[in-house]
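The values are calculated or read from the model by the stated rules, or taken from the named source; none is laboratory data. All values reported here derive from a predicted model rather than from experimental measurement. Backbone-built Cβ (ideal geometry, glycine too); neighbour counts: all protein chains shown.
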Amino acid sequence: MSTTTKPRAPSVRRQLREAKRFSWTGFGVTVAASLLGTLVPAAIGAGPGATLVSTLVVTVLAAGGFTARDGAARGIKAIAIVLLAAGALVLTVTGVTVFDLARGKPATFPVVPEAQPRVLVPESVACGTAPVHTTASCAVAVRSVGASPVRVTGVEVDGADFVVDASGCVGQEVVPGKRCTLVVSFTPSWSGDRVADLTVRHNVPGPSAFVELTGRGD
């Protein structure tokens, strides 16, 4: 008894390899079109956003037009268009951006803006309970986030029961992702709940940072 073996369907990689227009020539044509779509808008001052849109549209149209008469199936054509366009866009955007940097010229394509530096502090810090006229301590972490270091320029506290040692922060640059520490000494002058506002001044545009300090005299 004989069995008939069904022929295996060719893989996508093989179909792409056999496609007439998915080649280095097609890639070169797509890259040339991508550069043309970049240089013309940039030359007339269209702006980074419009230049990027023009480059994307021209590149996809070039890849699609070049593969339009290929005898491959539609799905293979679509994959070829995506691969040709993606490769050309990466090469064009990377090359033009490097060229802009080397010339010290404004960026042709839009760039991701750097995150603005910020100072982060906790909303409140509890210094615990201490007997009257004795001292307990707590710490306030001052964190730096964003694209550049921040500098703590000064601190103020509006309660007589709290004293801040700012030597670990004031005048120092705190790089993004790091922190410095303010040490708070709490010495209640009488029993009961005590509250004060700690102001942290810095060199970042915008308001100062504020922390509520709490403690209890026993």
Filter pass, residue 186 being modelled with pLDDT of 90 or more, of a type outside the set (S, T, N, Q) and within 30 Å of residue 43 (Cα to Cα)
no
For segment 156-209, which positions are in contact with a Lys or Arg (Cβ under 6 Å, 6 or more places away or on another chain), in a loop (DSSP other than H, G, I, E, B) and within 16 Å of residue 143 (Cα to Cα)?
203, 208
For the subset of segment 84-142 comprising residues that are among the hydroxyl-bearing types (Ser, Thr, Tyr) and touching a residue at least 12 places away in the same chain (Cβ under 8 Å), which member is farthest from residue 155 (Cα to Cα)?
92
